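To start, the structure under review is shown below, and the notes come after it.
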Amino acid sequence: MAAGGVAGGKTVAAQRQAWICFEDEAGQTLRPPKARTWGRRGHTPQIPVSGKGSGRVSIAGLACYKPGQRPRLIYRTITHRGRKNERRSFGERDYISLLDAAHQQLGGPIVLVWDNLNTHISAAMRQMIAARDWLNVIRLPAYAPDLNPTEQVWSHLKRSIGNLAVHGVDHLLTIIRNRLKRIQYRPDLLDGFLTHTGLTLDDST
């Protein structure tokens, strides 16, 4: 893998025979993303959206790659129901739980590539990372979402639920999980997301 500030990730991964995993977060409220659709000329299609209720689904995902292996998508969700004192985002323990699950699923070391979100670089997060000898971390350059294939996962997800009206946060969660499962079974799509970044993955060391 080679491009800009993440060029070192390929070398580290090759030396450790590790998976390279790109992490990113996304969220979706009950209001669907706008999307293009077909309609009769002069008649703009309208999708009724209920103004009642509140809720949001937050997602943290890993797009994982290794030469000679099928790419993987591993993710976790948090459902926000608008309750008092409810946790609003992923915390350090949520992220480390995702990484521990990925390590078990992938069966090998991980080179993690992610951005400089406060939670990613906190003292607590650094301590938990240091306690895991199978985990190496590389930070993306500032303002470089184009180098993260997981961004393309979210873009594909948003397009697939465009103009889709849901009946509550549980319905939204079910749809999101369904769409992400479809992506998990499309290794060609995951490879395409990596290609879109301009990064390459090969067997050279």
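The values are calculated or read from the model by the stated rules, or taken from the named source; none is laboratory data. The shown structure was predicted, so the numbers you read here are calculated from the model rather than taken from an experiment. No Cβ is skipped: glycine too gets one built from the backbone with ideal geometry, and neighbour counts run over all protein chains shown. Keep in mind that these areas ignore ligands, DNA and RNA; they rest on the heavy atoms of the full protein, side chains included. Shrake-Rupley method; radii C 1.70, N 1.55, O 1.52, S 1.80 Å.
Worth pointing out:
- Built amide H within the under 5 Å cut-off of residue 55, gap 5+: 30
- Residue-normalised accessible area of region 69-205, given per residue in Å² at a 1.4 Å probe: 56
- Our summary of shape: the Cα atoms of region 91-186 have principal axis extents of 43, 30, 26 Å, ordered from largest down, in whole angstrom.
- Carbon plus sulfur fraction of accessible area for region 71-116, probe 1.4 Å, in percent: 38
- Residue-by-residue Karplus 3J(HN,Hα) for region 102-110, coefficients 6.51, -1.76, 1.60, Hz, glycine and proline x: 5, 4, 5, 5, 7, x, x, x, 10
- Proximal aspartates and glutamates to residue 181, defined as alpha-carbon separation beneath 16 angstrom and excluding residues fewer than eight positions away on the same chain: 191
- Taking a sphere under 12 Å around the Cβ of residue 109 and counting the other residues whose Cβ falls inside, with K and R at +1 and D and E at -1, yields a net charge of +2.
- Vicinal HN-Hα couplings computed from phi for region 73-78 (Karplus, 6.51 cos²θ - 1.76 cosθ + 1.60; Hz; Gly/Pro x): 10, 10, 8, 9, 10, 10
- Of the whole protein surface, residue 25 contributes about 50 Å² of accessible area at a 1.4 Å probe radius.
- The gain in end-to-end length when the residue 167 to residue 133 segment is fully stretched comes to 7.8 nm, 0.36 nm per residue minus the alpha carbon separation.
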